[in-house]
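Report on the following structure.
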Amino acid sequence: MLRSRWMQLVALLFVFVFASVSLIQQMALPEVEGFTRQSAAALNLQLFLLPLFLLTIGSMSIAGDVESGWLSLLKTYPITLRQYVFGKYAALLLSFFVMLALSFSVVIGTGAFVGQLGISWVFVVLSFLIVLIFAAIALLIGAIAKSRLHALALSLVLWASWLLLLSYALMAIGTFSAGHVLQKLLIVNIHINPAEWLRFGYFLLSKQEAVLGPAFYSFTNFYSSPFGLFVYACLSVLWIILSLGFAVFILDRKGRVE
Amino acid sequence: MKRIMVLGFLFAIFFPFEARADELDLQKLINQSLSGEELQIPAGVYSGPITIQKEISLVGNGDVIIEGDGEKPIISVTETENVKIQSLTLHGQGNGDGNSGIHMKDVKNIAIEEVKMTNVTSGVKAERARKLYLSNLTITGLSAHFSEKGNGLSIYDSDQIEIYNTTIHDVQDGFYMERVEQLKLVGNHVSSSRYGIHIMYVDYARASDNEFQENVTGMMIMMTNNTDIVHNFIYDHQELNGSGMILFEGKHINIENNELVSNTVGLSLQSISDSIVKNNQFRTNQTGVTLVKSAKETKVTNNEFSGNIVNLRSDENGGIIHRNYYDDYQGLDMEEDGIGDTPYSAVQSFGQWMVRKPVYQYFVEAPAVVLLNELDSQTKQTGTVLIDEEPKMSMTTQKREDKQINFAQLIGALLLVLGLIGLWRKEALI
């Protein structure tokens with residue numbers, strides 16, 4: 001996957017944007033603990049860019065194999081669908097891990113000039129978690145899609161919905177519903193929307209749950225407990241396993257129909 | 001025998017015997033002293049509680065520790081005047097209401113200096129006191145929930161109170177003042193408590209050069225008039241409902257030259273009128289300033305807002321903002337007079353929603369909200385409240401230290417980058 005020109009361009013773009021934003025924020029703001037505009041900007045950048053790249057590249061990778069007949073050819077080899085999907089997953093993970101490591105190294109390097117480390121461990125962990133979850137989802141989308149174009153369209157629709165549209169819809173519902181109704185809808189959204197799940201994870205790991213406000217006191221109290229963190233880890237793993245499992249299942253069904 | 005002597009010697013070095021001074025009955029000494037006498041207490045550990053009902057100076061000579069019984073205040077001062085307590089350590093027992101350091105009632109002209117209080121539910125409590133001078137106290141509360149702790153210093157129905165250079169931590173409220181006139185708090189430090197300062201029904205108060213850190217709220221000032229809050233450093237109040245400073249129902253309040261950094265809300269003004277907020281720095285707070293029912297004759301001017309997620313927000317009444325510096329102002333200064341040519345609007349759709357419905361705080365700086373705020377600024381949906389007609393173009397107090405290049409970090413990062421590029425190329429060539 002690292003050989004792909006598309007992947008190399010994406011890596012270049014990502015490293016450039018991430019390093020630029022981090023450097024500008026480092027120079028403009030003092031280094032402080034907590035949820036600041038600096039950490040928010042970096043978090044949003046990861047939440048916008050990583051899922052977009054992962055979903056499009058990952059889904060088109062499988063859809064392309066199906067569309068071109070490459071997958072049918074592969075099936076004539078002694079390889080199971082499970083091995084095929086996990087191979088794709090591993091390739092996607094490694095490519096993005098290298099890309100992330102590269103961008104973090106550049107940020108740490110530029111941080112040396114402004115006297116700051118430039119990046120927190122929570123942020124690093126969360127970035128890798130984004131890759132782990134969205135790479136699995138990307139492969140599921142690829143398995144569902146009928147063609148590369150279909151995979152691209154599905155990826156973009158889901159990306160926009162998870163990052164923007166669902167939030168806007170909930171904000172709109174909040175204008176005419178009671179606060180406690182919106183609060184419950186938001187909690188549901190956290191559990192069904194991987195982007196929100198990961199954003200929430202950032203607050204949990206950085207012990208900044210208070211950012212979400214007093215309306216979420218009980219909810220954040222549960223998840224910030226050791227048992228809650230264990231549940232968070234289990235649900236994160238479930239996102240990955242279910243996505244990959246369904247991808248294998250769908251590809252298997254498609255094969256039988258053919 | 002020799003071995004026993006050596007062991008005994010080592011034991012004496014590592015576990016020195018504490019000199020107890022129980023043979024000296026402090027209460028008896030106080031009772032026997034003449035009015036106005038200075039009583040020098042020799043170093044040692046004494047049993048409390050003790051009661052003072054006459055003019056006297058109690059001065060510790062060396063390391064003087066008075067232990068409480070956990071039921072009564074370690075030192076009680078009642079119905080007297082001209083008392084001085086200096087250079088003592090008061091050590092409390094248990095966690096009951098009686099486990100307090102010093103309790104004063106109906107007193108006048110009292111000075112307490114260099115007194116350390118440890119393991120106490122509450123430090124100093126005064127009722128109906130006049131002319132209190134407290135300085136260089138250190139109060140350490142208990143490790144328990146706020147509801148099980150008392151206050152560091154609590155003063156009721158008193159006047160002419162001055163408190164200097166006192167350090168308080170792990171209590172409910174650092175300073176709790178109710179119905180006090182002419183209060184001065186200077187150079188104090190309160191941390192890890194519920195409120196740093198909590199004052200109610202106070203007239204003519206001045207809090208200056210204090211530091212508040214990691215409390216639920218730094219300063220909670222309620223139903224208070226004629227107050228000066230200047231040169232305080234208030235930071236890291238990041239709990240749920242945490243704020244640097246909350247002012248509720250007050251008049252003629254001057255908030256000047258304070259630094260409010262990394263708080264959930266920097267300054268919250270609620271029903272405040274005829275007051276001024278000027279020359280303060282609001283940095284990296286989630287919300288810099290919140291104005292609720294505080295539009296009437298309260299002016300926010302010449303302040304600096306930088307790195308806050310939301311600079312200002314208000315209810316529909318808004319507030320008067322004038323000549324502040326805002327780091328998200330996007331206007332130009334063609335006249336080069338240091339003032340932006342176009343007004344600054346602090347109103348963001350999202351910021352207003354947060355005031356009206358707190359559950360919206362969930363979306364703070366979420367990707368969708370960032371885009372919404374950008375649309376706000378592009379479409380110039382400014383509204384009619386929180387408009388600064390003359391925003392400043394630059395900060396006046398910004399002091400950026402000259403940073404040294406960290407060569408080790410730079411070389412490490414460069415090696416990592418080169419290694420990763422090498423790995424990429426190698427994989428690509430295979």
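Read-outs throughout are calculated quantities, based only on the coordinates presented, and are distinct from any laboratory measurement. Quantities reported herein were computed from a predicted structural model and do not represent experimental measurements. Using ideal geometry, Cβ is built from the backbone for each residue, glycine included, and neighbour counts are taken over all protein chains shown.
Between residue A:6 and residue B:146, the FRET efficiency from the beta-carbon distance, with R0 = 35 Å, is close to 0.05.
Relative to the Cα centre, the charge distribution of chain A, modelled as +1 at Lys and Arg Cβ and -1 at Asp and Glu Cβ, gives a dipole magnitude of about 580 debye. Is the C-alpha gyration tensor of the range A:5-257 telling us rounded, prolate or oblate? Criteria: a/c under 1.5 is rounded; beyond that, a/b larger than b/c is prolate, otherwise oblate. Oblate, because a/c is 1.5 or more while a/b does not exceed b/c.
Under a 5 Å amide H cut-off, with hydrogens placed 1.01 Å from N, residue B:326 pairs with B:305, B:392 among residues at least 5 apart or on other chains. Relative contact order of chain A: 27 percent, from C-alpha pairs under 8 Å at least 6 residues apart in sequence.
Legend: ranking of residues A:56, A:76, B:167, B:121 from fewest to most surrounding C-beta atoms inside 10 Å; resulting order A:76, B:167, A:56, B:121. Which residues in the range B:180-222 place their backbone N less than 11 Å from a point set 7 Å from the Cα of residue A:120 along the Cα-to-Cβ direction? Inside the label zone: nothing. In plain terms, the residue of B:364, B:359 with the fewest other Cβ atoms within 10 Å comes first and the most crowded comes last, giving B:364, B:359. Of the DSSP H helices in chain B, those with a Cα length along their own long axis of 20 Å or more and a mean Kyte-Doolittle hydropathy reaching 1.0 comprise B:407-429. Non-local lysine pairs in the range A:5-257, meaning eight or more places apart or on different chains, with alpha-carbon distances under 19 Å, amount to 6. Shown in residue order for the range B:218-228 are the 3J(HN,Hα) couplings computed by the Karplus curve 6.51 cos²θ - 1.76 cosθ + 1.60 at θ = phi - 60°: x, 10, 10, 10, 10, 6, 10, 10, 6, 10, 10 Hz (x for Gly and Pro).
Each Lys or Arg adds one and each Asp or Glu subtracts one; over the other residues with Cβ under 14 Å from the Cβ of residue B:80, this totals +1. Rounded to the nearest 20 debye, the dipole magnitude of the protein assembly as shown is 3320 debye, with +1 charges on Lys and Arg beta carbons, -1 on Asp and Glu beta carbons, and the Cα centre as origin.
In this structure, residue B:45 and residue B:184 have a Cβ-Cβ separation that, at R0 = 25 Å, corresponds to a calculated FRET efficiency of about 0.15.
Classification of the protein assembly as shown by its C-alpha gyration tensor yields a prolate form. The axis ratio a/c (a ≥ b ≥ c) is 1.5 or more, and a/b outweighs b/c.
When the Cα positions of A:6, A:96, A:60 are compared along the charge dipole of chain A, A:60 comes out farthest toward the positive end, with charges on each C-beta of Lys, Arg, Asp and Glu. Pairs from the table (B:54/B:105; B:108/B:184; B:125/B:251; B:28/B:72; B:131/B:299; B:184/B:293) lying more than 24 angstrom apart at Cα are B:125/B:251; B:131/B:299; B:184/B:293. Take every pair of alpha-carbon atoms less than 8 Å apart whose residues are at least six positions apart; their mean separation over the length of chain B yields a relative contact order of 6 percent. Take each residue of peptide B:408-415, count the partner chain Cβ atoms within 10 Å of its Cβ, and average: the result is 5.
For chain B, a/c is not less than 1.5, where a ≥ b ≥ c are the root eigenvalues of the C-alpha gyration tensor, and a/b does not top b/c. That puts it in the oblate class. For peptide B:256-265, the mean count of partner chain Cβ atoms within 10 Å of a residue's Cβ comes to 2. Residues whose amide H comes within less than 5 Å of that of residue B:155, counting only those at least five positions distant or on another chain, are B:126, B:176, B:177, B:178 (H built at 1.01 Å from N in the peptide plane). Cβ crowding within 10 Å ranks B:243, B:135 as B:135, B:243, fewest other Cβ atoms first. For the pair residue A:172 and residue B:405, what calculated FRET efficiency results from E = 1/(1 + (r/R0)^6), where r is the Cβ-Cβ distance and R0 = 60 Å, to the nearest 0.05? E(calc), rounded to 0.05, equals 0.75.
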